[in-house]
Structure formats: C-alpha cells, structure tokens
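Single-structure report; data block below.
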Amino acid sequence: MAKSVADFLLQRLRDWDVRTVFGYAGDGINGLLAAWERAGNRPEFVQARHEELAAFEAVGYAKFSGRLGVCAATSGPGAIHLLNGLYDAKLDHVPVVAIVGQTARSAMGGSFQQELDLNSLFKDVASEYLQTVMVPEQLPNVLDRAIRVATTRRTVTAVIVPGDVQELEYRPPSHSFRMVPSSLGVSPGIPVPAEEDLRRAADVLNAGEPVAIQVGQGARGAAREVEQVADVLGAGVSKALLGKDVLSDEPRWVTGANGLLGTRATYDMMQGCDTLLVVGSSFPYSQFLPEFDQARGVQIDIDPTMLGMRYPFEVNLHGDARAVLGALLPMLERKVDRSWRDTIESNTTRWWEVMARRAHVDADPINPERVLHELDALLPDNVMLTADSGSVANWYARHLRIRGRMRGTLSGTLATMCPALPYAVGAKFAHPDRPVIALVGDGTMQMNGINELITIRHYWPRWTDPRLIVGVLNNGDLNQVTWELRAMGGSPSFEASQQLPEFPYAGYARSLGMTGIKVDDPDGVRSAWEQALASDRPCLIEFVTDPNIPPIPPHATWEQAQKTAKALLSGDPDAWRVLTAGVRSKAQEFLPGSGHDR
Ligand SMILES: Cc1ncc(C[n+]2csc(CCOP(=O)(O)OP(=O)(O)O)c2C)c(N)n1
Ligand SMILES: [Mg+2]
C-alpha cells in the first residue's frame, strides 16, 4: 500500500526521535489515527481525558525530559481545548508542537461542521510558526520547521492538516520550482557575548558590594558556575519559582524563593544589596527586586527579547547562562569582606527555623504548612514534584527543599489551575523509573483533576516505579483567591464563588484501584506520606486542611494588613478564625529564638 501523508507524518516524527504524543481522537484526525494503528502505535499515542490535559501532559513531559513535547487534537472543539495548555507552554518557554486536524479542503470556507478559522485561533499562541499543510509536498518542511522553531526558540508551534490531506498519497518535494525540500536535525547554538561586553559586566560586579544574585529556569545546567560566581562575589542566590530546582536548597547562601511566595531571607537580601545579577529569570515582580536607584544591575538571558525589562539593568548580556558565567568567572575579583555572605547565611538558617514553627501552628484540623513541611523531610533524592496554582504553590515554594537530583515545576507564568496532575503524567512518561508527587487543591481536583486520575489508573502498570502520589489539600475553598480577595481587594470572602462542594477524593481514588488515604488529624500527616512512598501503586492522600492559615508574604506590608483587617471586619464569615490563625503564623517570626526578636 502506498504511504499516505499521515503515514509519512508519523514516520517523520519517529525520525525526529519523538517517542510520545499526548492526544485525543476526533474525525478531524481520523486519517492520522488510522496511520497510527498501521504504525503499531509508534510514536506512542497517549490518550488523555481532555485536550487541555493532553497539552499539559506534553508540557510536563517537555519540562521534565528536556525534549520536545507533542500533542494532537481534532479540529474545532479539540483545537479549542488545547489552547490553555499551549499558552502554558508558550509563557514558560517550553517547546511544544501541536498537530491539529481541520475539515476537508473541499469544505473549507463553507461554515462546515467543526470548521473554525484555526489560523486565527492559533495565531497568537503559535505566533512563531503556524502552517496548514495543503498538499503532500509541503509536509516535510512544515513539520521540520515546526519542530526546529519550537525547539530552538523554546516556544509553541502548530501544524494543521486537513482531514482529506491526511489520506492523500505522500509525494516528496521534487527538485523543481516552488518546491521546498527539507532535512532533519538541529544543533542549537550556545551564544556568548563579546569580550568587551563581558568586561563591562565584570566591572559592575567587581565595583559592587554587597551583591545579590537571582536565578531562574534559564540557569538550569549552570549550578556549578552559579555557585562559583556567588562564592567569588560573596553573594547569596535567590530563585524564581520556575528556577526552584536549578540549585539545591542545602547551602545556606541559597535564600530560596523570591516574591509574594518567597522567603524573608531573599527579601532582606534584595533590600540590602547594591548590585544585582539576574541569570535566566524573567521574574516579573519588580517590587521584590531592589529599589530602582538602589543597585546597579547585570542581566544574562538566552532570549534577547527578555532582556532589559523588569529592572533598569546597566548591562544586558545575551547568552547561555553556563557559558556566560564561565567566561565571566576569570574576570571577577574575590570579595575580601565576607560579612554580607555571613548575614545571608544566618538569615537563611533563621528562615528555615521560622518555617518549622509555622508548620506547627495549631489549625483546624490540619495546618497545610505542616503537610508540606512533613513531606520535605521524606522527599526521595530523585523525586519529581509538580505543584498547582492554588495556595499549595506558597507551601511548595517555601517548605520544600531541593536536594540531590530532585526536579520540580509548576505553571510559572500563566499560573493556570490544573496542570499539576497532567504534568505528573508527562513526567512519568519522561522518567517511568522515578517517583513523582503532585500537589493540588480541591478546586483543581474538581476542575479536571479527578478525570486525570483515570489516566493515571490507565497507564500506571507500565511505570517501573509505580509511585505517582497526589497530595490534595481539601480545604473546601478556592483558598488562594479567597486570600487575594481579602488582602488585595479589601473585600470579604464571597461564599457563592469561593466555597466548594464536598467530594470523596480518597474514596474515589480507591474506587479506581489506587491507594486512597484521608487524613484529618495532624499527627497522621507524616505516616500518610510514608505509606504513599511505600505504596506499590499510585496513591492519593486527601488532607483535610484549614482554609484560615494565611499565605503571608515574606514581608506583609501594613497596607495589606489593613486591607485584610477591613475585609474581615466587613463581614467575612471566618473573620475570627482567620485573625487568630494569621496572628499566630506571623508571630512565629518574632518569637524568642526566631532571630527577629531584636
Ligand atoms: C484556569 C484558572 N481559573 C482560575 C484561576 C484563579 N485561581 C487561582 S488559584 C485558585 C483557587 C484554587 O483552588 P484550590 O485548587 O482549591 O486550591 P486552594 O487555593 O484552595 O488551596 C483560583 C480560582 C486560575 N489561576 N486558573
Ligand atoms: Mg481549595
């Protein structure tokens, strides 16, 4: 039988060493599905429950494997469902290619069933490369370019293939006019700025004292160089959330997260420095960086379009973090006075002590900080962590310490709900031999999470390490937003929008054959995590947590405190419990022995 366009498309994906495609069926890609069957399911089609989840799975796979993520969906509704996951990839700079069906060419423009203007729909999310394959000869170039652009620019691209084109006989481009031949492969470059620009940066860093460093996911693979530069400059290093796993949290000069979800040690470092070095981070909250006239700044980024904003930097270096830091190192002079570094180290030590105290503040029934704090001590060195966009992101940022080969991620820029579970599934397809822990809220479970459990149930028997652990904070509330309403908006909690109906998360997991544990006693938290980590199958733990534990920013301002108080006084149903829990949590920073009691 002659090879169809769809057969060739799958062959070409295999040639690019694409092993997994996360997708969902529909007649807009029936030609592809038939070819998949003929190809013995290579690359493997992983069946999602919803196209958005397929896209998140592809993003998770790409984040944890460092490879390209690929997802597939049918025309019309399937294409629409992909969008949120694709935007998540685009905003976090993750390479993902979407392969999407379209109505047959003969029907296009005829308001046909499931016909949408896909070029308009994807125009923004796949702005770097978006193409419809209209004739077979076009295919290799369109697919190859989509893959090359996604990979080298770390972004989203989309290939649209009308249903009838999928079934045409494949013909390669010929050696003639208006044909575009194509070839496989790409070796991404490693940009390094010119010597004189490196020298300008070194001059700023040598002149400054004290120096603060902030790293993001762009510093991945440059941990050793960051450590050396921080040592020479006597600096501390804070991390943007997406960069949490680029550097171990064990050394005390690593101050942890920055921003609203950050640590006090980071906040103090940013307040006190006169020079700022930012490596591979587009951290957007400038109010958590030094005052604009306080520090001189140097930025290093692989993406020139991300340079020069966020802070009035003096030197903007376009380059690969590892290569640039390596080239800078010999130009840097060792700071003789180590007192700044000593202060940072004792601030970090103090911060972790405060965190331990906060985790043990009484709550009704369980303090969510305790859930993450207990987990921290038990994390396997090769664990992969995913966190969702509820209140758990605060506790993930503040209570979990990266060590060994640990990896961790979340939806850093889009901050969408519901990626943590599909990311975890993607992580398992990237590394079936490593444990993964997904941390989510009950709102996320009800949005799409309980559906993703079905996918976990479907695929787990093939994972060599079967541990996929889901930790659910069941607080009956869309808690992160409830707190935002209180702190930012000065309005009380609006029960109609914030309260969630009950659902038996652990019981539902058990009904699927997973281990399901419900914990409503703080003393049961640790043993539940231990049981999950010892389980021979995926496990869901439902922690009944107190919605009144506030995610207090590292340095809550008076203005925020006043707004929160105003919200509570104007009729918040949980006013009294919130006030007492908040005061008790905040007080941990000031109790004797916490270091702030001076
Ligand atoms: C798709 C999407 N919808 C809405 C939001 C706004 N949002 C952010 S966190 C959150 C609450 C999440 O609730 P839950 O999962 O229960 O976690 P909790 O904060 O209660 O721990 C909401 C509604 C969002 N980020 N993404
Ligand atoms: Mg909740």
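The values are calculated or read from the model by the stated rules, or taken from the named source; none is laboratory data. These figures come from a predicted structure and were not determined experimentally. Neighbour counts run over all protein chains shown; Cβ positions are idealised from the backbone, glycine included. Protein only, heavy atoms only, side chains kept; ligands, DNA and RNA dropped before computing areas. Shrake-Rupley method; radii C 1.70, N 1.55, O 1.52, S 1.80 Å.
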Unit charges on C-beta of K, R, D, E only; dipole of the chain, Debye:
880 debye
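Among residues other than Pro290 whose Cβ falls under 13 Å from its Cβ, what is the net charge (Lys/Arg +1, Asp/Glu -1)?
Here the charged neighbours net out to -3.
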Are there any trypsin sites (Lys or Arg not before Pro) in region 301-380 that are in a DSSP loop and have at most 13 other Cβ atoms within 10 Å? List them by number.
Arg334, Arg338
Cross-link partners among aspartates and glutamates for Lys335, C-alpha distance below 15 Å, same-chain residues fewer than 8 apart left out?
Asp203, Glu209, Glu227, Asp231, Asp274
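For region 94-181, which trypsin sites (Lys or Arg not before Pro) pass both filters: DSSP loop (anything but H, G, I, E, B) and at most 13 other C-beta atoms within 10 Å?
Loop-located and lightly packed - Lys123, Arg178.
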How many percent of all Cα-Cα pairs in region 305-460 sit more than 19 Å apart?
69 percent
Sequence-distant residues sharing a close amide H with Phe45 (under 5 Å, placed H):
Val21
Can you send over the carbon and sulfur percentage of the accessible area for the chain, probe radius 1.4 Å, protein chains only?
52 percent
Mean Cβ-within-10 Å packing, highest first, puts peptides 77-89, 17-29 in the order 77-89, 17-29
Rounded to two decimals, what ratio of Rg to Rh does region 392-489 give with C-alpha atoms and a Kirkwood Rh?
0.99
Rg and Dmax of region 448-514, using alpha carbons, in Å: what are they?
16.4, 50
Once you have all Cα-Cα distances for region 201-348, histogram them in 10 Å bins from zero and send the whole-percent values.
13, 49, 36, 2
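Sort largest first and round to whole Å: the equivalent ellipsoid semi-axes of the chain, each the square root of five times a Cα gyration tensor eigenvalue. Show your work: numbers first, answer last.
On the way: eigenvalues 350, 203, 86 Å².
Sorted largest first and rounded, they come to 42, 32, 21 Å.
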Rank Pro304, Gly259, His458 by how far each Cα sits towards the positive end of the charge dipole of the chain (+1 on Lys, Arg Cβ; -1 on Asp, Glu Cβ) and give me just the farthest.
His458
What length, rounded to one decimal in nm, is gained on full extension from Lys123 through to Arg171, with 0.36 nm per residue of separation minus their alpha-carbon distance?
14.5 nm
The chain: relative contact order in percent, alpha carbon pairs under 8 Å with at least 6 residues between
12 percent
Additional length obtainable on full extension of the chain from Gln271 to Asp197, 0.36 nm per residue less Cα span:
23.9 nm
Once you've got the Cα coordinates, tell me which of Lys123/Lys239; Lys3/Lys63; Lys63/Lys244; Lys63/Lys239; Lys90/Lys244; Lys239/Lys518 are over 25 Å apart.
Lys123/Lys239; Lys3/Lys63; Lys239/Lys518
Residue by residue through region 162-175, what is 3J(HN,Hα) from phi via Karplus (6.51 cos²θ - 1.76 cosθ + 1.60, θ = phi - 60°)? Round to whole Hz and write x for glycine and proline.
x, x, 6, 5, 4, 9, 5, 5, 6, 10, x, x, 9, 7
Separation of the Asp433 and Asn41 label points, Cα + 7 Å toward Cβ, nm
2.2 nm
Given the -39500 (n - 2.57) contribution per DSSP H run of 4+ residues, what per-residue ellipticity at 222 nm results for the chain, rounded to the nearest 500 deg cm²/dmol?
-11500 deg cm²/dmol
What residues qualify as long-range amide H neighbours of Gly256, i.e. H under 5 Å apart, gap of 5 or more or another chain, H built at 1.01 Å from N?
Lys239
At a probe radius of 1.4 Å, what is the per-residue accessible area of Ser527, in Å² to the nearest 10?
60 Å²
What FRET efficiency do you get for Val336 and Asp381 if R0 is 35 Å and r is their Cβ-Cβ distance, rounded to the nearest 0.05?
0.45
Given the chain, longest segment not containing exposed loop GluC sites (Glu not before Pro) (DSSP; at most 11 other Cβ within 10 Å)
1-290
